[in-house]
Structure formats: structure tokens, C-alpha cells
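Working notes, structure below.
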Amino acid sequence: MRRLLSSTAAAVLLLAANGAFAAPAAVSPGATAATVTTQLPRTVVPSHYDLAFTPDVENLTFAGKVKISVEVVEATNTITLQAADLTFAGADLTGPNGAKIGPATIKVDEEAQTAAFTFARTLAKGKYVLSIDYAGKIYKQAAGLFALDYETEAGKQRAIYTQFENSDARRFIPSWDEPFYKATYSVEATVPTGQMALGNMPIEKSTDLGGGKTLVKFARSPKMSTYLLFFGLGEFDRATVKAAGVDVGVVTKKGDIPKAQFALKSAGDLLPWFNDYFGTPYPLPALDNIAAPGRSQFFSAMENWGAIFYFEYALLLDPKISSQRDAQGVFTTVAHEMAHQWFGDLVTMAWWDDLWLNEGFASWMEGRATEHFHPEWNSALNAVGGREYAMSLDALQTTHPVVQHVETVEQASQAFDGITYQKGEAVIRMLEAYVGADAWRAGVRTYMKKHAHKNTVSDDLWREIEASAGKPITDIAHDFTLQPGVPLITVTDATCAAGKTTLSLTQGEFSKDLPNKKALTWRVPVTVRAVGGGEAKTLVTGGKGSVTVDGCGPVIVNAGQSGYFRTLYGPTRFSGVVASFAGLPAIDQLGVMSDVWSMGLSGYQPATDFLDLASAAPATAEPQVLSKIASVFGAIDGYYEGMPAERAAFRKVALARLNPMLASVGWTPKAGEPDTVAILRGELIGALGRMGDAAVVAEANRRFAADKTDPSAIPGPLRKVIQSVVAQHADAATWDVIRAQAQAEKTPLIRAQFYSLLASSQDDALARKALDLALTAEPGETLSSTMISRVAGGHPDMVFDWAVANRDAVNDKVDSSSRTRFIPGLGAGSSNPAMAEKIRAYAAANLAEGSRKEAETAAASVLNRAGIRQNRLPAITAWVKKIGG
Ligand SMILES: [Zn+2]
């Protein structure tokens, strides 16, 4: 699944600014039926589901009949499985030789989300078939079987899809809805004739039943987990290419195939490449990439086996509105979901404790695939941003280990976070660099072969990598996945002799909110490079290390940025780094800047060190390096909220640094320019616009007005950013103009953008108007929560209070997987310490005790921001005064 940054995540990311609370989770030696966590009795296991169902799309219900082949492995008179929001008409059991056992007494436990089927006599060990007649709901948010309504030129349309990760298949099919219970599926559906039905497998047989009904029967699936099952139905178009013998396709609502061409080409290129990387060919006959209008607060795409689901904004490109960054997003999302077809679908984590095996791996692989197919995007640099995001979460005392014990459905939903994804990715990147890319791939290939169609735990992967690398990595892997937190490597001494530099290193722990905590110990692979000299590697063990490298200039620690740790140089050595900064490889410039900014915010070194580096960065630096400067300036500007005089002084300095960058890339794209430059242009316009640069705001307004008559006034790739600058500074009349455009728009992708704009105003009264609008039917069921989050970005205190006051109405607009994090996340961008208390009070009153992790992180982020304002801003203000004269 491709997760969506929650407002909590976005606020933490904006901080880009510890402590262990959980004991390292034990890793079991292998996944077995006896050891894997389950919420069901271990007495009965399923092997095949025969499902026949009929959706009533208009009335948002469906009727189902399922025959489940099961094996009783321990005598019992009750079969308990998972079911949520289903009603049962009856159930029957047949025994080993087709013998009729008789009907069941059915007991539903809504709280536990189970249904128990009890029979008159004890069932001996053996094979049975359980037949169940039932009915369920079609939801309006993206969980279970759900409907998405959208506008077309011909009027309103409704399509239905499914979303089951992490635990919502039980809303569609009474089942053993846990990843370990893999089974095969034969699905048939009775659908309106003429509509397209989609499943994991191709349609085997289609029978016109007359009366406008058709029975479609999908081919039997391979063995898989319930959360990967998929069904879709609507007025769709499909286009396909053949790649390595597989029908690779895109499916869109009618008329949108041209917008999916880039995704189709990308998917067709990726499949053979993945076949080769994993050493096991994609095992299904077809692979669809399905685009649907709307949104979820939980995810943007989902790796259902053979039928990947995407919200349109993550798969389609519309020349009217899409930017080069959107194109990169499509490629990386397709690569991520396709990587899951192996890592996740073919080999699946045994339980949610090891979710990172799916998500860390897919996140890392999307980067590798992008570097291979699009070297011009320089995407290795983007991995630094992902690592930075992980570290920003991991250095708060609310963090957790990558492998963490999960007990409940809500805890599983909360596990889809930056630690699971981005820290998982960063740890893999580090270990791959440590053993070498070839050894890493060889280990992955063996792992795939050995565990295909089965379940694993993390140690199953480490075992294969260690075998292929021929050197120990399991201990290092355990240090970084079983304990939380960010190592800090400090250079305590550097001496030069005979043309070589010897560095003494110590290992501590980087923490944003527990500066005096006792550091954990990690085995840390460290690569260093002397400027103008050589490169050397060491493994810092037991808290200490040293390394000798050719050359006597300044030495960059974590050269190449594959390590998951922060580096502290000390003042003298740091000035050497600043002096040689312009000549460093771009990835190290980015890594050094990220470390310096984050450690400056946390008091490990002066916060103004970043500003010195920003001054030392040459105008010719890589676009991603310049973009980091723009984003940190934006963050500093945010900290000055409510301090108009200091903010104005800072803005003067920031705008003076950013404006020449914009002048150099210009407003108008140059023929043949790299995409990275185009992306930088959009980011500079956005940053300058947010900070109220008069010329940029005026130019955005001019183009917005000219757009009605001059089609060249707003180039497609700049449309979103120009509109958003206009919307942030909109007056009531402009807000009404945007709303009228929103109401008239028929293309869902563009319509969603307009509603997002309405939620972007910096003005309090207009922000309130957007909140009121979000609770009406006008934006559509799945856009409301995005609007609310967007308003919270600029007005966290107001929106949190409003959401608490309107709790039920707000929760209705959020999918069930996001409910424990949505409202707490709205306040996460606040810098008012009182907000931390409000968030905790909300969690205590409304969330189960085990489901407050995201709320705690949101509260910790608020306190962190408040601390930065109090402790770090004064030095920045003084620096500004000095520079600004
Ligand atoms: Zn994923």
C-alpha cells in the first residue's frame, strides 16, 4: 500500500527538526501456525473460498454466498472466523465425504469482529465445507466494498471497488482475515450487463442472464492472503501491453485511457525488470492498474494481487494540471505497488509485526527502480528526504522499533507509518550498501524462491542475505529493526599523518526531546570520504570506532548517505565542511544540510549553522539541494507564526536568497530543461508565494486572471502551484470565483484540486467557510477529509477545536482505518503547548488505550515545535539581524 502522509506526518516532516519506550520485540525463528499471532482459535484453517455475490450498487448493499473449504486440525464443535457489519441468513456444514453435518447456530461478536458457527456435534479432524448465506454493506469511504460517485458530462456515475488492507476483507467475506491464512479464491458476481467487472484474475466465463444481468466468473486465484482480494465494477475502459508474456493493463473510467499512457508504459517496462531482479517470474496471467476518482486519508494505492488499485491522482496525468513531480509520483507509485506483487503478495509477512517487510522493501525498491529507469531524475537524492522524515519521527520519545508487536486491528492500521516505510527503506539501503548490491540481490532471489506462496518473519530474510553475503549482518539488522531511535556518530578527533587522516568516532543517540537519555548501542556501518582524498569504511561497535582514510582535507562522514545515523563534527571540523561545501557531491551536500538543520533545531549545534551552509551553497547546486534550502526557509517562516516583526525581518533575508534562484530558472520552462529544474521552479514559486513575496503573488494573480482568455498564461505543470498561491492570498471574491469553478468542473481530478484550493486560504474567515463547506454534500464523500486536513495545515488550533466539536460528522468523512489518527493529526502543526494537552485529552476520551500512538506523536510534535520557538528562534532572529543589517 502506498500510504498518504497524514497531517501528523506532514507536520513532523515540516519540523524536519528520544528514547526507547518499548522493549525490543522478540523475533521468532520462523512463521508457524503454532507461533503466529492470531485473534482466532487455531482449531480450523481455510484452504479455498468459493464466493458468489450480487452487488446492489444503487442501494449500497450486496448479497453473498460463500463455500469455504476448511480443515479441522483439532476437534471442536465451533468454527470461528472474522466478520464485520455482515448479517447472516444461515450456514451449513458438510463433512469429509460430503456427509451433511447440518445447520449452525450463529453468534456474532461485533466488538471482536467475529462470527462463531456452532454445530450440534463435535467435528473430528478432517476436511469440511462451510456454506454461508449472508449480506453486507457497500460503504462510501474506502474500506471494505465501497462506492465512488463522480461527475461526467453525461451526469453522475457510481463505480464500486474494494479496499481490504489491513483488516477489512471481513466486511466483504466471512473469512480468516489475517495474512497467515492463505487460501485460493474462486469468485463470481452477478453484475449489470455492459459494465466492466474486475478481479485479481481474468474473467474465465461471462454468461448473459437476461434482464440486464450478467454472471461473470473469474479464474481461480493462487494462494494468497485475504487483504489482497479485489473486486471492481463500473463504466470502465482498459488498455493493455504484453510484457514478458503477461497482459499488463490500465483501467480507467470511460474516456481516460490517454491519461494513463505513462503509467501503462512504465508498468510494461517494470514487469520484466522485476522478474529479473527477484529471479521469480510474476506468477499471474495479467496485471491491471486501476484508477478511481476520489481519495482516502489512509492510502493512495493498494497492491491487490493482479489488480492494483490507485486513486486517479496517483496514476493519471492530465496535461491541464499535472506537473513533472506528478509524473515522478506516478512512476514511483507504480514501481512500489508492482514490487509488492512479490514482496507482500507472493511472499507475505506472517503477521503485522513484520509489516515493514512489505512496506520498507517496496519503498526501497521503488527508489531502485526509479534510479534505473529515470537516472535523469537524480532520485538517489530523494532517498535522503525519506530518511530525514524517518529520523524526525524516530528521534521523538513516541517512536517504536521497525519490528513492533501488534495486537489489534487499530494497532495494525497505525503501523502504516514513517518508521515502517521510510526507516525500513533506509535500513535496507544501509544493509545493501554494507553487503554490496549483487550479494543483496542474490539473497533476495533465494528468499523469494524459498518462501513463494508462504509467509515469513524478518529473520527469514536476514538468513538468506547473510548466506549470500558471506558476512554477518543479522546483528546489525537487529540493532536497527528491533530497537528504536537514531544513532549519533560524533567525530571526537581527526589527526593527519603521512597523507592520511585518522578519525576517532563515538556513538551516542540523537534525540529531539530527551537530550539526556542514556544512548542505546548499535553496530553502525560508517563510510567516510576525505575531500580530495579517498574513501574508507568501518563498523562502529560498542559505542566507539576509528577509521583511516587517504587525504588530509576535511572528511565527510556518511559519505554517499547510505547510513542511518546523524553526524556531529564539532565546531572546528564543521567550519572545514562549510569551506569545502560547494565542491561536495550533491547527495552529501543534502545529507550534511539535513543533519545540520535537524541537529541545530535540537540544540546539538547552533541552529544558525544551517543558514551558513545555505549561504555557502553555490547557485549552480543541484535543484534538490536548492529546494532543501527553500523548504527549510519555509519551516523557519512557520515557526515565526504570530511574531510579525521577527517574521518580516526573516522574510526579507529568505526572499533575498530565494528570488535569485527563481530568476535563474524563470517562470517560463526552457526547451529541453531537466525535470528537476521544472520541479524546482514550482517549489520556489510555492515557497515565495507562501512567504508573501509581493512580486510572486502579483504574478500568480495576473496569470490566474489572464487564464480565462489566454491559454498560455498558466502552463499545465505550474497550474496547481499558481492556483495555490492565489488561493492562499484570496479575498472573499476570489474564493467565490474558485468555488464557482469547482462547481462547474466535470473532471474529478481537476475538481478535487479546486476543493483543495478552497481549503488553502490563510484568512481565518475563509478557512472557516471551507470547513463548513467540507461538511456539506457538495465536495463529495471522499474529498471532505482532504479539505479539512488542508485547512488544518494553516490553522491547526482552530481546526482541531472545530473537529472535536463536530466529531461524529468529521469521522463520517474519514475511512475507518484513519479514524484513530485523523482528528489528533489536525492539531499536530500547532506550536501551542496547550494543544498537546488537548490532543492527549481527546485520545484519552475517545481512543482505545492501545490506539493512541499517533495521538501521542502528534502531541510530541506540538511540544517539539513549542520548544524550538522558545529555544532556537532567538539565535536565528539574531543571525537575521546581523545579515539583514
Ligand atoms: Zn506499500
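From the residues in the stretch 848-875 that are among the hydrophobic types (A, V, I, L, M, F, W, C) and open to solvent by less than 20 Å² (accessible area, probe 1.4 Å), which one is nearest to MET599 (Cα to Cα)? Per the criteria, the residue is ILE868.
Scoring THR78 on the criteria (1) in a strand (DSSP E or B); (2) polar (S, T, N, Q); (3) crowded, with 20+ Cβ neighbours inside 10 Å leaves a single failure, condition (3).
Which of the helices (runs of 4 or more DSSP H) contained wholly in the stretch 549-634 include at least 3 residues that are closer than 26 Å to LEU662 by Cβ?
Correct list: 586-601, 608-616.
Among the residues of the stretch 316-329, is any within 16 Å of the ligand (Cβ to nearest atom), within 15 Å of the chain's Cα centre (by Cα) and buried (at least 24 other Cβ atoms within 10 Å of the Cβ)? No, the stretch 316-329 contains no residue that is within 16 Å of the ligand (Cβ to nearest atom), within 15 Å of the chain's Cα centre (by Cα) and buried (at least 24 other Cβ atoms within 10 Å of the Cβ).
For the stretch 849-880, a residue qualifies if it is more than 26 Å from LEU514 (Cβ to Cβ) and either among the hydroxyl-bearing types (Ser, Thr, Tyr) or modelled with pLDDT under 95 (or both), and exactly one does: THR877. Would you mind stating whether ALA380 is more than 15 Å from the ligand (Cβ to nearest atom) and at pLDDT below 95? So ALA380 fits the description; yes.
Among the conditions (1) charged (D, E, K, R); (2) in contact with a Lys or Arg (Cβ under 9 Å, 6 or more places away or on another chain); (3) away from the ligand (no atom under 16 Å from the Cβ), LYS254 misses just one, which is (2). Number of residues in the stretch 340-356 that are over 16 Å from MET224 (Cβ atoms) and within 12 Å of the ligand (Cβ to nearest atom) equals 2. Among the residues of the stretch 812-836, just one is among the aliphatic types (A, V, I, L, M) and surrounded by fewer than 18 Cβ atoms within 10 Å (Cβ to Cβ), namely ALA834.
Screening GLU856, GLU778 for residues that are assigned to a loop (DSSP other than H, G, I, E, B) and at negative phi leaves exactly one candidate, GLU778.
Could you list, in sequence order, all residues of the stretch 290-315 that are assigned to a loop (DSSP other than H, G, I, E, B) and within 23 Å of SER818 (Cβ to Cβ)?
Those that are assigned to a loop (DSSP other than H, G, I, E, B) and within 23 Å of SER818 (Cβ to Cβ): PRO293, GLY294, ARG295, SER296, GLN297, PHE298, GLU303, ASN304, LEU315.
Condition check: within 20 Å of ALA477 (Cα to Cα), open to solvent by 40 Å² or more (accessible area, probe 1.4 Å) and away from the ligand (no atom under 14 Å from the Cβ). Does HIS372 satisfy that? Considered against the rule, which asks whether it is within 20 Å of ALA477 (Cα to Cα), open to solvent by 40 Å² or more (accessible area, probe 1.4 Å) and away from the ligand (no atom under 14 Å from the Cβ), HIS372 comes out as no. When ILE308, ILE290 are checked against the criterion of being within 26 Å of PHE164 (Cα to Cα), of a type in the set (Val, Ile, Thr), out of contact with any Ser or Thr (no Cβ under 7 Å at 6 or more places or on another chain) and within 12 Å of the ligand (Cβ to nearest atom), a single residue qualifies: ILE308. Of all residues in the stretch 800-811, one or more are of a type in the set (Val, Ile, Thr), at pLDDT 95 or above, within 27 Å of PHE299 (Cβ to Cβ) and surrounded by fewer than 22 Cβ atoms within 10 Å (Cβ to Cβ). Would you check if there is a residue in the stretch 11-30 being under 30 Å from VAL402 (Cα atoms) and either at pLDDT 95 or above or among the hydroxyl-bearing types (Ser, Thr, Tyr) (or both)? Yes, that holds for at least one residue.
Looking across the stretch 332-355 at every residue that is surrounded by fewer than 24 Cβ atoms within 10 Å (Cβ to Cβ) and in a helix (DSSP H, G or I), the one that is nearest to the chain's Cα centre (by Cα) is identified as THR333.
Evaluating VAL402 against the criteria (1) open to solvent by 10 Å² or more (accessible area, probe 1.4 Å); (2) within 15 Å of the ligand (Cβ to nearest atom); (3) part of a loop (DSSP other than H, G, I, E, B) leaves one unmet condition, (1). Considering (1) in contact with a Lys or Arg (Cβ under 8 Å, 6 or more places away or on another chain); (2) crowded, with 22+ Cβ neighbours inside 10 Å; (3) modelled with pLDDT of 95 or more, the lone condition that GLN141 does not fulfil carries the number (3). Evaluate the stretch 428-451: report whether one residue or more is closer than 30 Å to SER816 by Cβ and either open to solvent by 10 Å² or more (accessible area, probe 1.4 Å) or part of a helix (DSSP H, G or I) (or both). Checked the stretch 428-451: no residue is closer than 30 Å to SER816 by Cβ and either open to solvent by 10 Å² or more (accessible area, probe 1.4 Å) or part of a helix (DSSP H, G or I) (or both).
When each of VAL36, VAL57, VAL72, VAL66 is tested for being crowded, with 17+ Cβ neighbours inside 10 Å and at pLDDT below 95, the lone residue that passes is VAL36.
The values are calculated or read from the model by the stated rules, or taken from the named source; none is laboratory data. These numbers were taken from a predicted model, which means no experiment stands behind them. Every residue, glycine as well, gets a Cβ built from its backbone with ideal geometry; the counts of neighbours run over all protein chains shown. The area values use the complete protein model at the heavy-atom level, side chains included, leaving out ligands, DNA and RNA. Shrake-Rupley method; radii C 1.70, N 1.55, O 1.52, S 1.80 Å.
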